[in-house]
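The values are calculated or read from the model by the stated rules, or taken from the named source; none is laboratory data. Remember, it's a predicted structure, so these values are computed and weren't measured experimentally. Note that each Cβ is placed from the backbone with ideal geometry, even for glycine, and that neighbours are counted across all protein chains shown. We work out accessible area using only protein heavy atoms, side chains counted, and drop any ligands, DNA or RNA first. Shrake-Rupley method; radii C 1.70, N 1.55, O 1.52, S 1.80 Å.
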Amino acid sequence: MSNRMWGGRFAEGPDAIMEEINASIDYDRKLYRQDIEGSKAHVRMLAERNIVSGEDADKIAAGLDKVRAEIEADTFTFSRALEDIHMNVESRLAELIGPAAGRLHTARSRNDQVATDFRLWVRDTVDTLDGQLTELMLALATRAEQHAGDIMPGFTHLQSAQPVTFGHHLMAYVEMFARDRSRMRDARVRMNECPLGAAALAGTSFPIDRHMTAAALGFDRPSANSLDAVSDRDFAIEALAAASIAAMHLSRLAEEIVIWCSAQFGFVKLSDKFSTGSSIMPQKKNPDAAELVRAKTGRIYGGLTGLLVMMKGLPLTYSKDMQEDKEQAFDALSNLSLALAAMTGMVRDLTPDTKRMKKAAGSGYATATDLADWLVRVLGLPFREAHHVTGRIVALAVERGIELHKVPLADMQAVEPRITDEIFSVLSVDKSVRSRVSYGGTAPANVRKQARRWLNALKREAAKA
């Protein structure tokens, strides 16, 4: 008896181990919508080009709709013996409509079919991620506007550096996620070419219209080279690269939330909605949502690395290795989506302790740069000399265990005689923050302006959508 899928070429069915390693239906069933839409576009084109009859095309389209309804109603029986989503759909279609189902695969191969399905799924997912990034940016910009004037420490090396505002800190992430969204959009432009009609690798002798199927599926154009069409996975790699950078930004913010929630910092609190407890320590309230966002970054990086390694040694065109492209992409992009949703929820949920942040901003001699700037601006010292003078005054404060603004004027004048009591006007964190008026600086007026600019732009986009 011949193999039920491969016809007369194979006299026997596959070994059980071969069937196990060869099957992809356990995960590529996720492509059922894209597979059915691709098939409907293909059969409409075949009818338009008189390659199949209009009657058969109508039967096939109606049958595909029934298959989709069964899958969505969870009444469809997936078979591992049929390997993948394409053969499962086609087999059920034959049961529903009879011999006409056999005409669906005219002028195409599973090679261009899966390339199309996968590209459609990645494109749909990128659109979803774009929307989620927009929601996160809105949440951050909204909180930034609310806290444009609330002072916190700015850090380098995780040491107090200069005072900034909480709003300014949040706006930094708006800029990061805006770049992530831009990368996703750029990737979408490049992926929006349709492989369908490239067939196995060389195109087809049937008089198909690839522009028609590309347009029906929302692509800008058909792919220009049949070899590239079936062997390209750049679209998934680029989406995963953009996802990895976005995940890195999410992880940085998650790490800061973990630090800020600690008793040692106490800058923010998360509600019970985004926290968990301990099975043994009743006092614990752990920022587990942030920790899990941080952890998922590794899975997303793994998806990118796995796909790059899988593709790096493959000659043109299709190799069975490429069956391993989908599972890791599904996992990575789905986890990015979950991480974005969790982070958006945390940003909306967190409650900053503005008094504690402001107190911390005044520690660690954070206004030392303001002192140096005053020496340059008022006394005309070269900055390197002002830096040296300031360092000596900071050393005095450290030696005495006092804050910079509590060093007596006489002691400062012992270091630089021309210092006047005007120096104390720049040593408060409030005045330090307000003085940073350069474009992109932390002055509250700047922060409010940037937050409103982003909020207005994001709301305009939403109104057009």
Normalised per residue, the volume of the convex hull around the Cα set of segment 422-465 (Å³): 52 Å³
Accessible-area composition of the chain, carbon plus sulfur, in percent [1.4 Å probe]: 53 percent
Length-normalised contact order for segment 16-103 - Cα pairs under 8 Å, 6+ apart - percent: 41 percent
For segment 16-103: rounded, prolate or oblate by the Cα gyration tensor [a/c cutoff 1.5]: prolate
Spread of Cα-to-Cα distances over 20 Å intervals beginning at zero, given as percent, for the chain: 20, 39, 25, 13, 3, 0
Around V407: net Lys/Arg minus Asp/Glu count, Cβ-Cβ under 11 Å: 0
Helix-only mean residue ellipticity at 222 nm for the chain, each DSSP H run of n ≥ 4 adding -39500 (n - 2.57), per residue, nearest 500: -20500 deg cm²/dmol
Cα-centre dipole for the chain with unit charges at Cβ (Lys and Arg positive, Asp and Glu negative), debye to 20: 1680 debye
FRET E, pair K30, Q283, Förster distance 51 Å, beta-carbon r, rounded to 0.05: 0.75
Relative intensity, log₁₀ I(q)/I(0), of segment 18-171 from a Debye sum that treats every alpha carbon as a point, q = 0.09, 0.10, 0.21 Å⁻¹: -0.49, -0.54, -1.29
Computed over the chain: relative contact order in percent, which uses C-alpha pairs under 8 Å that are six or more apart: 17 percent
Neighbourhood net charge (13 Å Cβ-Cβ; Lys/Arg +1, Asp/Glu -1) for M184: +1
Given charges at Cβ of Lys, Arg, Asp, Glu: segment 16-103 dipole, positive-most of A100, I60, L46: L46
Per-selection Kirkwood Rh - segment 170-316 (Cα, Å, 1 d.p.): 18.8 Å
Cα-based Rg and Dmax for segment 361-463, where Dmax is the largest Cα-Cα distance (Å): 17.7, 63
I259-R221 pseudo-label distance in nm [points 7 Å out on the Cα-to-Cβ vector]: 4.7 nm
Extent along principal axes [Cα atoms of segment 255-319; Å; largest to smallest]: 59, 25, 17
Alpha-carbon spread of segment 121-166, three principal axes, descending order, Å: 46, 26, 7
Straight-distance crosslink candidates among lysines, where the alpha carbon sits under 24 Å from K269 and sequence neighbours closer than 8 are dropped: K284, K285, K296, K355, K358, K359
Segment 361-463 - percent relative contact order, Cα under 8 Å, separation 6 or more: 25 percent
Solvent-accessible heavy-atom area per residue, rounded to whole Å², over segment 70-219 at 1.4 Å: 38 Å²
